[in-house]
1. Once neighbouring chains are kept in place and the probe is 1.4 Å, which whole percent of the accessible area of the chain is contributed by carbon and sulfur?
2. Roughly what would the spin-label model give for Ser84 and Val107, points 7 Å off Cα along C-beta, in nm?
3. How much of the calculated P(r) for the chain lies past 21 Å, in percent of all Cα pairs?
4. Using R₀ = 30 Å, calculate the FRET efficiency as 1/(1 + (r/R₀)^6) where r is the Cβ-Cβ separation of Ala60 and Ser30; round to 0.05.
5. So with the 1.4 Å probe, I'd like the accessible area per residue for the chain, rounded to whole Å².
6. Test of understanding: extend the Cα→C-beta vector of Ser53 to 7 Å, then name every residue of the range 79-116 with backbone N under 18 Å from that spot.
7. Check the straight Cα-Cα distances from Lys43 and name the aspartates and glutamates below 19 Å, setting aside those fewer than 8 residues away within the same chain.
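The values are calculated or read from the model by the stated rules, or taken from the named source; none is laboratory data. This is a predicted model, so every value here is computed, not measured. Here the Cβ positions follow ideal geometry from the backbone for every residue, glycine too, while neighbour counts run over all protein chains shown. Note: accessible area is taken over every heavy atom of the protein model, side chains too, but ligands, DNA and RNA are not part of it. Shrake-Rupley method; radii C 1.70, N 1.55, O 1.52, S 1.80 Å.
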Amino acid sequence: QVQLVESGGGLVQAGGSLRLSCAASGRIFSINAMGWYRQAPGKQRELVAALPSGGSTKYADSVKGRFVISRDNAKNTVYLQMNSLKPEDTADYYCNARIAPHKPLPVFDYWGQGTQITVSS
(Lines give C-alpha, C1' and ligand atoms only; values in the text may rest on other atoms or scores of the structure.)
Protein backbone atom coordinates (compact mmCIF):
# COMPACT_ATOMS: atom_id res chain seq x y z
CA GLN A 1 0.00 0.00 0.00
CA VAL A 2 1.23 3.46 -0.92
CA GLN A 3 0.94 6.50 1.31
CA LEU A 4 1.68 10.15 0.67
CA VAL A 5 2.34 12.25 3.76
CA GLU A 6 2.44 16.02 3.45
CA SER A 7 3.86 18.62 5.77
CA GLY A 8 4.62 22.31 5.84
CA GLY A 9 1.28 24.11 5.59
CA GLY A 10 0.10 26.91 7.81
CA LEU A 11 -0.64 30.61 8.11
CA VAL A 12 1.61 33.20 6.51
CA GLN A 13 1.43 36.89 5.70
CA ALA A 14 1.29 38.09 2.13
CA GLY A 15 4.78 38.27 0.68
CA GLY A 16 6.01 35.46 2.88
CA SER A 17 7.27 31.99 2.03
CA LEU A 18 6.39 28.42 2.87
CA ARG A 19 7.81 25.07 1.87
CA LEU A 20 5.67 21.99 1.46
CA SER A 21 7.00 18.45 1.55
CA CYS A 22 5.39 15.21 0.48
CA ALA A 23 6.95 11.81 1.09
CA ALA A 24 5.76 8.65 -0.62
CA SER A 25 6.15 5.36 1.20
CA GLY A 26 5.00 1.76 0.97
CA ARG A 27 5.08 -0.62 -1.95
CA ILE A 28 6.70 1.40 -4.75
CA PHE A 29 8.22 -0.01 -7.91
CA SER A 30 8.59 3.35 -9.64
CA ILE A 31 7.29 6.90 -9.46
CA ASN A 32 6.41 8.39 -12.84
CA ALA A 33 5.54 11.88 -11.67
CA MET A 34 4.93 13.92 -8.56
CA GLY A 35 3.14 17.20 -8.22
CA TRP A 36 0.98 19.56 -6.26
CA TYR A 37 -2.64 20.59 -6.68
CA ARG A 38 -4.74 23.03 -4.74
CA GLN A 39 -8.39 23.62 -4.06
CA ALA A 40 -9.75 26.89 -2.78
CA PRO A 41 -13.22 27.09 -1.18
CA GLY A 42 -15.91 26.90 -3.82
CA LYS A 43 -13.45 26.19 -6.61
CA GLN A 44 -12.26 23.15 -8.50
CA ARG A 45 -8.99 21.47 -7.74
CA GLU A 46 -6.26 22.84 -10.00
CA LEU A 47 -2.71 21.89 -10.87
CA VAL A 48 -0.09 24.03 -9.19
CA ALA A 49 3.10 22.32 -10.32
CA ALA A 50 4.15 18.94 -11.66
CA LEU A 51 7.49 17.22 -12.09
CA PRO A 52 7.52 14.09 -14.25
CA SER A 53 10.41 11.66 -14.05
CA GLY A 54 12.82 12.66 -16.78
CA GLY A 55 10.53 15.40 -17.99
CA SER A 56 10.21 19.13 -17.67
CA THR A 57 8.35 20.88 -14.91
CA LYS A 58 4.94 22.39 -15.40
CA TYR A 59 3.50 25.33 -13.46
CA ALA A 60 0.17 27.05 -13.32
CA ASP A 61 0.46 30.51 -14.84
CA SER A 62 -0.60 32.05 -11.54
CA VAL A 63 2.46 30.68 -9.69
CA LYS A 64 5.19 30.94 -12.33
CA GLY A 65 8.17 32.83 -11.03
CA ARG A 66 7.04 32.44 -7.41
CA PHE A 67 6.80 28.68 -6.77
CA VAL A 68 9.48 26.06 -7.38
CA ILE A 69 8.88 22.32 -7.40
CA SER A 70 11.72 19.93 -6.74
CA ARG A 71 12.15 16.25 -6.03
CA ASP A 72 14.49 14.01 -4.09
CA ASN A 73 14.25 10.66 -5.85
CA ALA A 74 16.28 8.87 -3.18
CA LYS A 75 13.72 9.88 -0.58
CA ASN A 76 10.64 9.61 -2.82
CA THR A 77 9.87 13.15 -1.75
CA VAL A 78 8.61 16.17 -3.62
CA TYR A 79 8.86 19.75 -2.39
CA LEU A 80 7.08 22.97 -3.23
CA GLN A 81 8.89 26.17 -2.33
CA MET A 82 6.35 28.97 -2.33
CA ASN A 83 7.61 32.54 -2.33
CA SER A 84 5.89 35.91 -2.57
CA LEU A 85 2.67 34.35 -1.39
CA LYS A 86 -0.58 36.15 -2.11
CA PRO A 87 -4.00 35.92 -0.45
CA GLU A 88 -5.29 34.22 -3.60
CA ASP A 89 -2.89 31.34 -2.92
CA THR A 90 -5.04 30.43 0.07
CA ALA A 91 -6.26 26.86 -0.45
CA ASP A 92 -5.89 23.26 0.56
CA TYR A 93 -2.81 21.86 -1.14
CA TYR A 94 -2.65 18.22 -2.18
CA CYS A 95 0.32 16.13 -3.17
CA ASN A 96 -0.14 13.80 -6.12
CA ALA A 97 2.04 10.96 -7.33
CA ARG A 98 1.70 8.61 -10.28
CA ILE A 99 3.13 5.37 -8.95
CA ALA A 100 3.60 1.84 -10.20
CA PRO A 101 3.36 -0.25 -7.02
CA HIS A 102 4.52 -3.65 -8.25
CA LYS A 103 5.85 -3.47 -11.82
CA PRO A 104 6.11 -0.90 -14.64
CA LEU A 105 2.38 -1.17 -15.35
CA PRO A 106 -0.21 -0.40 -14.23
CA VAL A 107 0.32 3.08 -12.85
CA PHE A 108 -2.04 4.60 -10.29
CA ASP A 109 -2.71 8.09 -8.99
CA TYR A 110 -2.21 8.58 -5.26
CA TRP A 111 -3.12 11.62 -3.19
CA GLY A 112 -1.96 13.09 0.08
CA GLN A 113 -4.37 14.09 2.81
CA GLY A 114 -4.07 17.77 2.03
CA THR A 115 -2.52 20.62 3.95
CA GLN A 116 -4.10 24.01 4.45
CA ILE A 117 -2.36 27.23 3.52
CA THR A 118 -3.79 30.57 4.51
CA VAL A 119 -2.21 33.78 3.28
CA SER A 120 -3.32 36.86 5.15
CA SER A 121 -3.28 40.31 3.58
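1. Working: 3170 of 6580 Å².
So the carbon and sulfur contribution to the accessible surface is 48 percent.
2. 3.2 nm
3. Summing the P(r) tail past 21 Å for the chain gives 34 percent.
4. Details: r = 26 Å, r/R0 = 0.86.
So the FRET efficiency works out to roughly 0.70.
5. Details: 6580 Å² over 121 residues.
On a per-residue basis, 54 Å².
6. The answer is 79, 96-111.
7. Asp61, Glu88, Asp89, Asp92
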